[in-house]
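I have placed the structure first, in the form of structure tokens, so that the comments after it can refer back to it.
The values are calculated or read from the model by the stated rules, or taken from the named source; none is laboratory data. Given the structure is predicted, the values throughout are model-derived calculations rather than measurements. Here the Cβ is made from the backbone with ideal geometry for all residues, glycine too, and neighbour counts use every protein chain on show. Keep in mind that these areas ignore ligands, DNA and RNA; they rest on the heavy atoms of the full protein, side chains included. Shrake-Rupley method; radii C 1.70, N 1.55, O 1.52, S 1.80 Å.
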Amino acid sequence: MPRPAPWRLDPASYPKHETKQTRFQDLDTMGHLNNVAFASLFEDARVRMNQQLGRVHRGKMAEGSFRAVVARNEINYLAEGSFPEDVEIALGIGRIGNRSFEMLAAAFQSGKCIATCDTTIVMTDPKDVGLPEDFVARLHEVKVRAE
């Protein structure tokens, strides 16, 4: 795994922040947050941000909405996480394509980055059109501040 860019390790690079509680059941046999816990913390923050952005629909599609799926999810573990300290998940949008976008996140404890998560979300329906313009505008509003 290549070392992350310095801006990825700075919470100020990300426009959105959520504090998540760790749980005793999140620990592995060595007493550290396990990989499933990291994935769950990132997923919860990512889904909440998607809901705030709007337009992505899970049930019967409403006018102007679209369906999307996670096409790639990569977590890089940089340091051990601990219990009972909360985890701050910082996130924002990276690359924006015609039918996909990238959500970039980082997990912090005591100001130290303990993991990063890169997720690519791809629009699956409707076919043959790009992401709606107003949605793309909202994505640009929450882009990461990469140096």
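Before moving on, here are some points about what is shown:
- Pairs are defined by a Cβ separation below 9 Å, a sequence spacing of at least 6 or placement on different chains, a first member in the range 27-43 that is within 25 Å of Arg72 (Cβ to Cβ) and modelled with pLDDT of 85 or more, and a second member that is loosely packed, with under 14 Cβ neighbours inside 10 Å and polar (S, T, N, Q); the pairs so defined are Ala37/Gln25.
- Listed here are the strands (runs of 3 or more DSSP E) enclosed by the range 33-146 that have at least 1 residues being open to solvent by 20 Å² or more (accessible area, probe 1.4 Å) and more than 24 Å from Arg8 (Cβ to Cβ): 67-77, 112-125.
- Of all residues in the range 1-32 being assigned to a loop (DSSP other than H, G, I, E, B) and open to solvent by 100 Å² or more (accessible area, probe 1.4 Å), the one that is nearest to Ala106 (Cα to Cα): Arg3
- Residues of the range 83-97 satisfying the condition of being within 19 Å of the chain's Cα centre (by Cα) and either at pLDDT below 95 or not charged (D, E, K, R) (or both): Asp86, Val87, Ile89, Ala90, Leu91, Gly92, Ile93, Gly94, Ile96, Gly97
- Screening Asn73 on (1) modelled with pLDDT under 85; (2) in contact with a Phe, Trp or Tyr (Cβ under 9 Å, 6 or more places away or on another chain) shows it passes everything except condition (1).
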